Amino acid sequence: MSWVYTAWVQSLMGRGRVGDRVSPSMAVPLPQPPPPPDPQFVLRGTQSAVHALHFCEEAQDQRHPLLFSGSQRGLVHIWNLQTRRTVAALDGHGGQCVTWLHTLSPGHQLLSQGRDLTLRLWDLAEGRNAVVDSVQLQSMGFCRSSVLAGGQSRWMLAVPGKDSEASGPFQLLTAPLSPQADCSPHLLLLAGYEDGSVALWDVSERKVCSRVACHEEPIMGLDFDSQKARGVSGSAGKALAVWSLDGQQALQFHLVLLKVEFAFLFLQLRVVAKVSSGLTLTLACCQLEMLPLTRYRVRGTHQLTNPGISDVTIRADRKILATAGWDHQVRVFHWRTMKPLAVLAFHSATIHCVAFATNGLLAAGSGDQRISVWSIYSRT
């Protein structure tokens, strides 16, 4: 394991005159940094690589939320973090990789998306584990869906669709899983593309409002902070890109050196420059999010030691963010300054996904078939 310190300076003054020979016994030992943190605990038993993670606090108390994981073999495991054991295993994707998971309020329904090109709605109430609805997706790839909640019985979902200049790379669904004919004129969508660009879509008019080039390689993941009107994306390269939205519907790029594939994020505008909470969706090579009607700017870049980011997520309190690395490591950054805070090295294979719980827990899923759960930088 290794630990990254953002500011650590050691100055050692020499003793003796110039030219004096210093004996080994006179050498002053450098202070050793504290040992790197270990996971609070590790979950085992997925039997294949972990590609999706999602915390659900609504089903239980927030001290011990449920954790949902999606595996490469098509299973969804429900974990009780108090006992650290599985509550149930759902098999609904024909052995194909589960790429995205999301629970609907009040936590008794689960959406799962798989590489079998299906999106399934599960009923988890009163111990049931049944599929109650499903829809066939139009696009093969790694792009994840995104939910815009509108109440316990009303929500909107953006899913991967056939990319075209006329309609965009997404399809809208509502509860139950049926096509959405029209939508609010205040809905905007962020999409990250294989060419490394991020675009802001007007969902109702199906047109691009603004677009900015962030990466040289496909975008693999992105997240957006609706309060600061600022987002971050990562890719197969060595840079994290930070970009923002201005008041003229323009995206402005702030390079942080990192890359990502296709992903979507959904947001809903309540008032000008104010957005309701949004949820992340990642398409085969893009990601979307709902934002205020403005432009984007790239604000800065952060150079990484090793290339490749599978996922990136901002904690709910908007103080830190975490990335899932191809180099088997989770990196934690200060969200406002993008200062590196920690490198969490535990896994022995690519980390495919990271997720934060409301109580601050951080989970990482890896190709080594393990899920590490960390308690770092507790929320205040």
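Things to note:
- S134 paired with T174, simple spin-label distance in nm, labels 7 Å along Cα-to-beta-carbon: 2.5 nm
- Of the whole protein surface, R73 contributes about 140 Å² of accessible area at a 1.4 Å probe radius.
- H108 - accessible surface, heavy atoms, 1.4 Å probe, Å² rounded to 10: 90 Å²
- 5 angstrom amide H check on L81, placed H, neighbours 5+ away: L67
- When W100, W326 are compared by accessible area of protein heavy atoms, the largest-first order is W326, W100, using a 1.4 Å probe.
- Probe 1.4 Å - accessible area at H51, Å² to nearest ten: 40 Å²
- The order of the peptides 338-350, 363-375 by mean Cβ neighbours within 10 Å, most packed first, is 363-375, 338-350.
The values are calculated or read from the model by the stated rules, or taken from the named source; none is laboratory data. Because the structure is predicted, anything quoted here is derived from the model rather than measured. Please note: Cβ atoms are built from the backbone with ideal geometry, for glycine as well, and neighbour counts cover all protein chains shown. Accessible surface areas use protein heavy atoms only, side chains included; no ligands, DNA or RNA. Shrake-Rupley method; radii C 1.70, N 1.55, O 1.52, S 1.80 Å.
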